[in-house]
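Reading through the structure tokens given below for one structure.
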Amino acid sequence: MCHQIFGQQKSDRFTLTAKLTGFKNDTKFYLVNLDSTQNIDSVYLQQGQLTFSGKVSEPVTFRLYPANDEVYFNLWIENKNITITGDRNNFSNLQVKGSPLNKIYFSVLQKHATLDKTRDSLTTKAIKETDETKARAIWKNISLVDQEVLKIRLQSIASFPPSLITIKELYFVRNDLPSDSLKRLFDKFPINLKKSKYGDVINQYITTTNLKAGSYAPEITGTNLTGQKVKLSDYKGKVILLDFWASWCGSCRESNKSLVTLFRKFKNKDFEIVSFSIDTDLESWKIASNQDQMSWTNISDLKGLYSKQAASYKIRAIPKSFLINRNGVIVEVFTGFGTDTETALEKKIVELTK
């Protein structure tokens with residue numbers, strides 16, 4: 001039996017029973033909530049069967065996978081009796097019964113499953129390719145595959161009945177559509193789905209303009225590690241680096257090392273760093289913050305990538321930072337981390353703090 005997962009508001013429970021072949025007895029299997037990767041449970045396979053049980057406050061995507069193996073299977077968990085069957089050699093195509101949501105999910109997924117496999121193969125090839133010209137050509141082909149997948153996803157959103165599956169599809173493609181197209185598709189959904197965590201982010205995207213140099217920085221609010229509410233506007237009149245990061249993001253953690261140096265160098269020149277964590281687990285955020293010596297303003301709402309605060313800056317990938325002048329205007333946007341970014345950022349800060 002597993003722990004109570006993802007909230008306890010409902011009295012009913014889910015039971016996930018898996019009947020699997022091709023694995024050794026006592027193989028350890030994990031079940032992880034993909035929206036909040038801290039929620040992980042494990043059981044051992046006995047005579048080809050294993051069972052997880054618990055509660056979800058709302059349907060959510062989980063991943064089932066065996067220890068020390070590369071195979072995995074994603075499915076939606078809702079508070080129902082769900083059964084999955086299949087073999088290790090075809091683990092991505094297990095059969096699911098007892099869950100209406102999964103019937104929709106796999107119908108949508110199947111439409112671009114072949115393209116997904118092609119993309120995975122091309123990505124592996126691109127990463128291994130040492131010739132830069134050849135690698136660029138492969139990434140160009142990957143981009144073409146992505147365009148085809150986007151078309152299929154949009155067709156699914158438009159043609160399938162509204163559900164958590166289709167609104168999550170819209171959530172995934174939110175950055176790939178202009179606001180008017182995004183709004184047209186969003187308007188097809190009923191109010192309960194519009195108010196879901198996926199709908200909240202989509203709606204924020206619709207109402208948020210594309211931020212660039214010259215745009216005014218939107219207000220952002222979070223809670224720091226001592227429980228105090230903090231707003232970006234609290235630092236009005238200062239030069240601010242608003243940085244989005246997370247404890248699980250390796251590049252972000254490397255970036256934090258540079259931020260330590262920057263903060264020490266400019267903190268007495270009306271310069272402030274405001275780090276907004278895209279975490280869902282308080283303890284992980286706290287540990288990473290202490291390890292990275294983050295002595296500047298460090299806030300979060302612990303809603304991860306479903307944060308409306310992060311959505312107001314259209315954050316999809318991290319690290320990403322916004323350098324803001326004393327008048328609240330964005331001077332430059334920095335995506336990713338590297339030596340060039342670090343050098344350009346420090347140069348800009350020097351100019352703004354003169």
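Every number here is computed from the coordinates shown, using simple stated rules; none is lab data. All figures in this text were calculated on a predicted structure; none of them were measured in a lab. Cβ coordinates were reconstructed from backbone atoms using ideal geometry, including for glycine residues, and neighbour counts include every protein chain displayed.
What number comes out for the charge environment of residue 25, summing +1 per Lys or Arg and -1 per Asp or Glu over other residues with Cβ under 14 Å away?
Local net charge: +3.
Name the residue farthest towards the positive end of the dipole of region 113-207 from the options 147, 126, 160, assuming +1 on Cβ of Lys and Arg, -1 on Cβ of Asp and Glu, about the Cα centre.
My answer, from the dipole projection, is 160.
Between region 276-354 and region 67-108, what's the alpha-carbon centroid distance in Å?
Value for the Cα centre distance between the two parts: 37 Å.
Treating only the Cβ of Lys, Arg, Asp and Glu as charged (+1, +1, -1, -1), what charge dipole size does the chain show about its Cα centre? Round to the nearest 20 debye.
In total the dipole reaches around 580 debye.
For region 14-97, report the % of Cα-Cα distances exceeding 19 Å.
Result: 29 percent of Cα pairs exceed 19 Å.
What's the angle, to the nearest 10 degrees (0 to 90), between helix 282-291's Cα axis and the longest principal axis of the chain?
Orientation of helix 282-291: about 50 degrees from the principal axis.
With volume of the Cα convex hull per residue in Å³ defined as stated, name the option among (i) 163; (ii) 136; (iii) 360 computed from the structure displayed.
(i)
Roughly how big is region 144-228's charge dipole about its Cα centre, with Cβ charges of +1 (Lys, Arg) and -1 (Asp, Glu), in debye to the nearest 20?
200 debye
All other residues with a Cβ under 10 Å from the Cβ of residue 186 taken together, and with Lys, Arg as +1 and Asp, Glu as -1, what is their net charge?
Spelling it out: positives minus negatives among the neighbours equals +4.
So if we plug the beta-carbon distance of residue 124 and residue 290 into 1/(1 + (r/R0)^6) with R0 = 30 Å, what FRET efficiency do we get, rounded to 0.05?
0.25
Sum up the charges of everything whose Cβ sits under 12 Å from the Cβ of residue 280, counting Lys and Arg as +1 and Asp and Glu as -1, but leave residue 280 out.
In short, -3.
Cα axis of helix 197-207 to longest principal axis of the chain: angle in degrees, 0 to 90, nearest 10?
The angle comes out at about 40 degrees.
Length gain on complete extension for the stretch residue 265 to residue 92, per 0.36 nm per residue less the alpha carbon to alpha carbon distance?
Between residue 265 and residue 92, full extension yields 57.2 nm more.
What's the Kirkwood radius of region 76-191 in Å, using all Cα pairs?
16.4 Å
Say the dipole of the chain comes from +1 at the beta carbon of Lys and Arg and -1 at that of Asp and Glu; which of 350, 175, 20 then lies farthest toward its positive end?
175
How large is the translational diffusion coefficient of region 221-352 in µm² per second when you combine the Kirkwood radius over alpha carbon pairs with Stokes-Einstein at 4 °C and 1.567 mPa s?
Translational diffusion coefficient: 89 µm²/s.
Determine the alpha carbon to alpha carbon distance for each of 125/168; 267/314; 97/117; 238/265; 55/188; 238/354 and list only those over 18 Å.
125/168; 267/314; 97/117; 55/188
Would you mind checking the tilt of helix 132-159 against the longest principal axis of the Cα atoms of the chain, expressed as 0 to 90 degrees and rounded to 10?
Roughly 70 degrees between the two axes.
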